[in-house]
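Trainee: Please see the structure below; I have some questions.
Laboratory data are not the source of any read-out in this text; all were calculated from the coordinates shown. Since the model is a prediction, treat every value here as computed from it, not as a measurement. Glycine also receives a Cβ, built like all others from the backbone with ideal geometry; neighbour counts cover every protein chain displayed.
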Amino acid sequence: MSPHPTRFRWQLDWKSLLAIVLFLPILVGLGMWQLNRADEKSALLESYQQRQQMAPVALSTLSQYPNYQPVLAAGMFDPNRYWLLDNRIVQRQFGYQVIGLFQLRDGGAVLVDRGWIAGDPSRRQLPKVTFPATEVELRGQLYLGEDKPFSLGEMAQDQWPRLQQWLDVEALQQEMPALLPTVLQLNDQSPSALRIQRIVVNVSPEKHTGYAVQWFGMALVLAIIFLCRNSNILALLRRKTTSSDENS
């Protein structure tokens, strides 16, 4: 028998077969998931940019409430009922997101994201939030996240302001039937706006694509290891390299 292999041979190793059957679909699936997330974020950014070019419309004229729709809303804040969303960090500083209850001129109500306010690092007292005492016209955009709020141990509160981690608009509609199923995020120039930091997507499409490349790369490495472990391809490559060196 020749000490140097001349033909490709395959000898299946069941351990490596089990590994590739288990892990290859997972790695490829994770890569595809990241590509889908990149497409979703690209569509989200495109929708946001398109809607930012639109003229604002009166909130009272809408029958549907698409995200990023620029709107105008006239009415008054309820100075006694508002929410402080806890643990909102801006530039390493602790604070709260202030959500006000805005009574619309036509009799409905909408939640208004006024922005961020600094908090007491010792958490001994809540910040004092003031509201306009007269009717105002707000400018902003609509946005309601699709993710369901989740917080361990959080219960409904009877006193105001309510200190919470997240808002569940659907649950609030049961308490306040006139409440619209959306949130008005104020523009910087809108009356009563605090510190506004608008984040459209927390992870860019490019990062999702990069993560996908990493998962596909790991799948490729796993496939190469499987091929090398179950065949004599490395020996054939070494023989080809040696023959090329001898003939040169």
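Trainee: Among the trypsin sites (Lys or Arg not before Pro) within segment 1-84, which fall in a DSSP loop and have no more than 10 other Cβ atoms within 10 Å of their own Cβ?
Mentor: Those satisfying the criteria are 7.
Trainee: Then there's this: What number, in percent, do you get for the relative contact order of segment 61-186 if the mean sequence gap of Cα pairs under 8 Å and at least 6 apart is divided by its residue count?
Mentor: This gives 34 percent for segment 61-186.
Trainee: Under 5 Å between amide hydrogens, which residues at least 5 positions from residue 90 or on another chain qualify, with H placed 1.01 Å from N in the peptide plane?
Mentor: HN-HN under 5 Å from residue 90: 95.
Trainee: Could I ask something else about it? For segment 101-147, which trypsin sites (Lys or Arg not before Pro) pass both filters: DSSP loop (anything but H, G, I, E, B) and at most 11 other C-beta atoms within 10 Å?
Mentor: In loop regions of segment 101-147 (DSSP not H, G, I, E or B), the sparsely surrounded trypsin sites (Lys or Arg not before Pro) are 123, 124, 128.
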